[in-house]
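The values are calculated or read from the model by the stated rules, or taken from the named source; none is laboratory data. This structure is a prediction, so every number in the text was calculated from the model and none was measured. Cβ sites come from the backbone with ideal geometry, for glycine too, and all protein chains shown count toward neighbours.
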Amino acid sequence: MRLLEEKLDDIASGHEVSLERRDLVDALESGPGVEGPLFRAASAVLERTSGPGVYLRGIVEVSNACQKNCFYCGLRRDNPGVARYTMNPQEVMEALAHGWRAGLRSFLLQSGELLGDDYIDEVCAILSECRSRWGDSVRMVLSMGELPPDVLDRLRDAGGGRYLLRIETSDRELYGRIHPRDGIHRWSARDACLRHLRSTGWQTGSGVLVGFPWQTASELAGDLEYLVDLDIDMCGMGPWIEHQGTPLNEVREQAPPRARRVTLTLRMIALLRILMPEINISATTALQTLDPRGLEKGLEAGANVFMPNLTPLKYRVNYNLYEGKTVVVDDLESMIREGKRRCESVRRLLLPDDPGDPLHYGRRRAAEGGKPGGAPPGDRIGGQG
Ligand code: SF4
């Protein structure tokens, strides 16, 4: 333990120190005393690389329909208690335009996994429309599940620049316990999809679920190593939250208490910030759902993205990945004002009008011979697709 704290103090002071698997496990398993040095080290690393800025990413939950049946997700196909919806393209554009007027320059289009051509065509049309309206000044982020390579390439060419696909857990055996074994929930397919994204010009985001039944500190440490190995550009990690319409809820007593899940998530954010100083890490809605100060705590642990929800309220109430999801009824402008105040309360600075390209992406694209992040994907990719 003493050795870990010394390493963390050295990191905070600006020394190059590598954290081994044992350090990661220690940092996750130790008592509360480790959090001061850990969060100080993560904050110092962020301050030295990206500074105090916090980027805005507006979420539009385009559809809550999904072909999959993940054991932890309230939107799973076999949950009959969900009023399914899909926003039409005009509604999506109105939500995005509202965000644009409020100063947002990065938008996340999120849905369950839908493979129908009509849906993909609609998303492509939305991306094209965004590109013609706003050009290079916005970044479009997609989170639509595992899609075939040719579909991902189409979405990228239509104007998608960033893609988020959480691996959920890097441990194949554990992945098998939280997903049906039916041929469409395969860890290897998810990993392959991520690697395709990573190699075809997308700013690639991933993340894991933290604190679900059976998960150990060693597996979480393995998750961090997986994300480093994948060399992601963005990350979103949230605590597991029960949902009554899911099989995992039936073994909820095997999960850590909720407060512990929050703590573990914050420690994971801090460790990842130390391991990957230049990526973007979001303070997730799930974290804010389990802790009223989840945003502030996430930022103090090293997160640098805040995500206001732009989904019209009539749809938002039905996008329940888990129970108790925070549904803020404030208008967007108030939400951003409140976000600014909360960022400043932990000495961070909200950056409207900035699409927030992670430094990591610019560097790796330059190293790969592509242009650094910023240009529209169609220009960036060149012949790599
Ligand atoms: S986690 Fe994603 S893929 Fe799985 S059921 Fe939920 S929305 Fe569908």
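For residues that are within 12 Å of the ligand (Cβ to nearest atom), among the charged types (D, E, K, R) and crowded, with 21+ Cβ neighbours inside 10 Å, tally how many sit in region 147-174. I'd like the intermediate steps shown before the answer.
Of the residues in region 147-174, the ones within 12 Å of the ligand (Cβ to nearest atom) are 147, 164-168.
Pick out the ones that are also among the charged types (D, E, K, R) and you get 166, 168.
Subsequent filtering for residues that are crowded, with 21+ Cβ neighbours inside 10 Å retains 168.
The qualifying residues number 1.
Applying the criterion of being surrounded by 12 or more Cβ atoms within 10 Å (Cβ to Cβ) and farther than 11 Å from Ala44 by Cα to the residues of region 7-19, the residue that is modelled with the lowest pLDDT is Val17. The single residue among Leu227, Leu248, Leu264 that is in contact with a Cys (Cβ under 8 Å, 6 or more places away or on another chain) and in a helix (DSSP H, G or I) turns out to be Leu227. Residues in region 52-62 that are within 15 Å of the ligand (Cβ to nearest atom) and among the charged types (D, E, K, R): Glu61 alone. The conditions of being at pLDDT 95 or above, in contact with an Asp or Glu (Cβ under 8 Å, 6 or more places away or on another chain), of a type outside the set (Asp, Glu) and surrounded by fewer than 21 Cβ atoms within 10 Å (Cβ to Cβ) are met by Arg342. Looking across region 171-217, the residues that are in a helix (DSSP H, G or I), of a type outside the set (Asp, Glu) and more than 25 Å from Ser282 (Cβ to Cβ) come down to Arg172, Gly176, Arg177, Ser188. Based on this model, can you work out whether Val123 counts as crowded, with 23+ Cβ neighbours inside 10 Å, assigned to a helix (DSSP H, G or I), at pLDDT 95 or above and not acidic (Asp, Glu)? Answer is yes for this residue.
Out of the residues in region 63-106 that are more than 23 Å from the chain's Cα centre (by Cα) and under 20 Å from Leu127 (Cα atoms), which is farthest from the ligand (Cβ to nearest atom)? Among those that are more than 23 Å from the chain's Cα centre (by Cα) and under 20 Å from Leu127 (Cα atoms), it is Arg101. Of the residues making up region 194-225, those that are over 19 Å from Gln110 (Cα atoms), among the hydrophobic types (A, V, I, L, M, F, W, C) and crowded, with 22+ Cβ neighbours inside 10 Å are Val210, Phe212, Leu220, Ala221, Leu224.
Residues are listed down the side, and each one gets a yes or a no for (1) of a type in the set (S, T, N, Q); (2) touching a residue at least 24 places away in the same chain (Cβ under 8 Å); (3) surrounded by fewer than 16 Cβ atoms within 10 Å (Cβ to Cβ); (4) touching a helix residue (DSSP H, G or I) at 6+ places or on another chain (Cβ under 6 Å):
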| position | (1), (2), (3), (4) |
| --- | --- |
| Gly99 | no, yes, no, no |
| Gly103 | no, yes, no, no |
| Ser106 | yes, yes, no, no |
| Ser111 | yes, yes, no, no |
| Leu114 | no, yes, no, no |
| Asp118 | no, no, yes, no |
| Trp134 | no, yes, no, no |
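Based on what the data block shows, is Ser43 buried (at least 17 other Cβ atoms within 10 Å of the Cβ), touching a helix residue (DSSP H, G or I) at 6+ places or on another chain (Cβ under 7 Å) and at pLDDT 95 or above? Here the answer is yes, as Ser43 does meet what is asked. Being touching a Ser or Thr at 6+ places or on another chain (Cβ under 6 Å) and touching a residue at least 24 places away in the same chain (Cβ under 8 Å) holds for only one residue in Gly222, Gly294, Gly245, Gly207, and it is Gly222.
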